[in-house]
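First the structure, in the form of C-alpha cells, and then the observations on it.
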Amino acid sequence: MTSLPDLKAQILSLTRDYARQAHASHRPAADTERSPWAEGSPIPYAGRVFTEDEVEAAVSSTLDFWLTLGSEGAAMEKELAAFLGVRHSLLVNSGSSANLVAISALTSAKLPDSRRLKPGDEVITVAAGFPTTVAPIVQVGAVPVFIDADPITGNARCDQLEAAYSPGKTKAVMMAHALGNPFDLSVTLAFCRKYELWLVEDNCDALGCSYSMPRPLAESLGFSENSPGLDEGPDRVIRWTGTWGDISTQSFYPPHHLTMGEGGAVNIVRDQKLKVIAESFRDWGRDCWCPSGIDNTCNKRFGWQLGELPEGYDHKYTYSHLGFNLKPLDPQAAIGRVQLRRLPEFIEARKRNWEFLRRGLAPYDNWIGFALPTHATAWHPDQGHSWDASGCRSECSWFGFKLAVKAAAPFSRTDLAEELDHHQIGNRMLFGGNLLRQPAFVQLRQDNPEALRVATSLEGSDEIMNTILFLGTYPGLTESMLSHEVEIITKLIERHG
Ligand SMILES: Cc1ncc(COP(=O)(O)O)c(C=O)c1O
C-alpha cells in the first residue's frame, strides 16, 4: 500500500502539472511560461496572479484538513508582521472585516476611558472612497465626520482635519491611502498627536507603498526606525504605509496587492493591548487568547473571575466584548503565504506598469488629468517627480492608474469608459465616488440626520465622482497589454483632435 506521505506527494505533483496547464494565463507578466495575450482578448483591470505554487499550497493545506485558522494562519500572521515591521498582524476574512475589527477595538472598555470610542463619539474620515472604510464607524455607533478629497492625489484633504475636530467628541481618524497613494501622514500624525487621537490607516489598497520624512520631523512624531528593507539614508525615516498609525488594515481580495481569495489583515503597529482586544473582537469577543485547538495558554483557565461569572468559570467561554467571528480558513492563509513571497516583485510591477501608462499618455495632459503622489508637484519623464517644500515624499505601488477627463476634453468620462469597455479594457470609477451621494448614506441621513456630520464642502469628492476612472496596474499586465491600452486611448483622443 502507498504510504500517506507518498500519496500526498503524488497528489501534489499532479496538482502542479494541472495548475501549470490550466492557469498559464494567470502567471506573472514576466514569467516565461505565461500564455501570451492575444490582441482583442480582454484586459482585466485586476485579477489573481499565481502559479502552481499557490495551487499546491491550497491543496496541501486542504488535504491536511485542519480547515479553520491554524498553523498556516499563524505563520502568515508572523510573516506579514515581519514584512511590515509591525508588532502583530491578525488575519481576517476580508478588508471590510479588518476595518470592522479595527474600529471595534477602539470601543473596548479595556482602553483608558478618555481614549475609548463611545456611542456618539466622532471619527474623522474622507468622503471619497470605498464604503467599508466608513460603514464600520457607523456600525459601532460612532459618527463619521467627513472631510473632502483632492482629485489629483485621490486622498483626503488633510489640511481640513482641524475644521472637522470637535473637542471631547473626536476620538480617531480613519482613512484609506487611496489607490495606493499615501495620504499626508505628516499632517495627520501631527493632528492626532496634538489631540491624542487614534489613527487607523485603511491600507487595503496600499500594501507596499511607503512614505518618508526628514528625520527630525519623524522623530518629533515618535518615529526613528525605518521599516524593514527600506532606507533613504541617515537624514530620513522611511516606513511602509500601514505602519505609521495605531492600527492598519489590509484586503487580500483578488484585485489587491496579494490575494487569498477572500481575506484581510489587521496590523497592530505597536500596542500589545490593542492586539489582545482586536483578536477578541475577531474571535467571538472572547477574553481567552488560545489559538484554535489549544487550551490553557494563560495557565489559569479555571482561575479567573470576570464580570458576574462564578469564580473559576472556563476562560475559554468568557466574553469581554460583543464580538464577531471573522477568521479566514487555513488553506486561504497557505495561498497568502506563497503570495507574500511574491510581494516585492508585485510591488515593483505595479510601479513599472503605472510608469508605462504615464509615459504612454503623457502627450495628452491638456485633456487628461493625471494622478500625483502626495507631496509631488509634477511628474517629469526623465527625473520622475518633483516634491513640495514639506520634505515628505510618498512612493506609490499603485492599485490603479487614475485619470480624470478634463472639462476641456472633447469627449466625456463616459465616452472614454465606453470605448475602453468596447475594447474589453477593464476600467473602474474611484469606488463609491462621493459616498454621501450613495443611496445607503442618503438613507442613513434621512433616517437619522445626527448619524453623520459633513465638516467641509465636498466639491473635490464630487469632482472625483464625476471625472475620474482608473485602469489596472496589477502584475498580470504585460507590455503588449499596456501598449494596447495606450493605443486605444490615443486613437479615441486623435478621433476627437
Ligand atoms: C480602501 C478599501 N478598503 C476596504 C476594502 C474592502 O476590502 P474587501 O473587499 O476585502 O472587503 C476595499 C476593497 O477594495 C478598499 O478598496
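The values are calculated or read from the model by the stated rules, or taken from the named source; none is laboratory data. These numbers come from a predicted model, not from an experiment. Quick reminder, even Gly has a Cβ in these numbers, built from the backbone with ideal geometry, and neighbours come from all protein chains shown. Side chains included, ligands, DNA and RNA excluded: accessible areas come from the protein's heavy atoms. Shrake-Rupley method; radii C 1.70, N 1.55, O 1.52, S 1.80 Å.
Of the set (1) closer than 30 Å to I368 by Cβ; (2) away from the ligand (no atom under 14 Å from the Cβ); (3) touching a helix residue (DSSP H, G or I) at 6+ places or on another chain (Cβ under 8 Å), all apply to P131 but (2). Counting only residues that are assigned to a helix (DSSP H, G or I), open to solvent by 60 Å² or more (accessible area, probe 1.4 Å) and not basic (K, R), the stretch 18-30 holds 3 of them.
Does any residue of the stretch 38-53 turn out to be part of a helix (DSSP H, G or I) and either modelled with pLDDT under 95 or not basic (K, R) (or both)? Looking for residues that are part of a helix (DSSP H, G or I) and either modelled with pLDDT under 95 or not basic (K, R) (or both), one finds at least one in the stretch 38-53, hence yes. Of the helices (runs of 4 or more DSSP H) that lie entirely inside the stretch 75-190, those containing 1 or more residues that are open to solvent by 10 Å² or more (accessible area, probe 1.4 Å) and within 21 Å of T456 (Cα to Cα) span 131-139, 161-164.
Tallying residues that are among the hydroxyl-bearing types (S, T, Y) and open to solvent by 10 Å² or more (accessible area, probe 1.4 Å) within the stretch 209-225 yields 2. The condition (being farther than 27 Å from G476 by Cα and out of contact with any Lys or Arg (no Cβ under 6 Å at 6 or more places or on another chain)) is satisfied by just one residue among R393, R359, R337: R393.
E56 meets all of the listed conditions (1) within 16 Å of the ligand (Cβ to nearest atom); (2) assigned to a helix (DSSP H, G or I) but one, namely (1). A search for C-beta distances below 7 Å between a residue of the stretch 91-107 that is farther than 11 Å from A278 by Cβ and any residue that is within 11 Å of the ligand (Cβ to nearest atom) and aromatic (F, W, Y), counting only pairs 6+ apart in sequence or on different chains, returns S94/Y253; G95/Y253. The criterion of being small (G, A, S) and either closer than 15 Å to L185 by Cβ or within 16 Å of the ligand (Cβ to nearest atom) (or both) holds for S248. Please find, among T15, T2, the residue that is loosely packed, with under 12 Cβ neighbours inside 10 Å and among the β-branched types (V, I, T). Testing whether each residue is loosely packed, with under 12 Cβ neighbours inside 10 Å and among the β-branched types (V, I, T) leaves just T2.
Beta carbons closer than 9 Å, at least 6 apart along the sequence or on distinct chains, pair a first residue in the stretch 481-496 that is modelled with pLDDT of 95 or more with a second that is among the basic types (K, R) for V486/R359. Taking (1) open to solvent by 50 Å² or more (accessible area, probe 1.4 Å); (2) in contact with a strand residue (DSSP E or B) (Cβ under 9 Å, 6 or more places away or on another chain); (3) within 17 Å of G476 (Cβ to Cβ) in turn, N353 satisfies each apart from (1). Of the numbered criteria (1) farther than 22 Å from G47 by Cβ; (2) free of Cβ contacts under 8 Å to residues at least 60 places away in the same chain; (3) within 27 Å of the chain's Cα centre (by Cα), the one M429 fails is (1). Looking across the stretch 369-385, the residues that are under 18 Å from I464 (Cβ atoms) and either assigned to a loop (DSSP other than H, G, I, E, B) or open to solvent by 30 Å² or more (accessible area, probe 1.4 Å) (or both) come down to A371, L372, P373, T374.
If you go through the stretch 136-151 one residue at a time, do you hit one that is within 16 Å of the ligand (Cβ to nearest atom), among the polar types (S, T, N, Q) and free of Cβ contacts under 8 Å to residues at least 40 places away in the same chain? Yes, because at least one residue in the stretch 136-151 is within 16 Å of the ligand (Cβ to nearest atom), among the polar types (S, T, N, Q) and free of Cβ contacts under 8 Å to residues at least 40 places away in the same chain.
Within the stretch 114-128, the residues that satisfy the criterion of being hydrophobic (A, V, I, L, M, F, W, C) and more than 14 Å from the ligand (Cβ to nearest atom) are L117, V123, I124.
Across the stretch 32-74, the number of residues qualifying as hydroxyl-bearing (S, T, Y), open to solvent by 60 Å² or more (accessible area, probe 1.4 Å) and either closer than 18 Å to Y253 by Cα or without any contact (Cβ under 8 Å) to a residue 12 or more places away in the chain (or both) comes to 1. Screening the candidates N366, N353 for the property of being assigned to a helix (DSSP H, G or I) and more than 30 Å from P216 (Cβ to Cβ) yields one hit, N353.
L199 satisfies every condition listed in (1) surrounded by 23 or more Cβ atoms within 10 Å (Cβ to Cβ); (2) away from the ligand (no atom under 15 Å from the Cβ); (3) within 30 Å of N325 (Cα to Cα) except (1).
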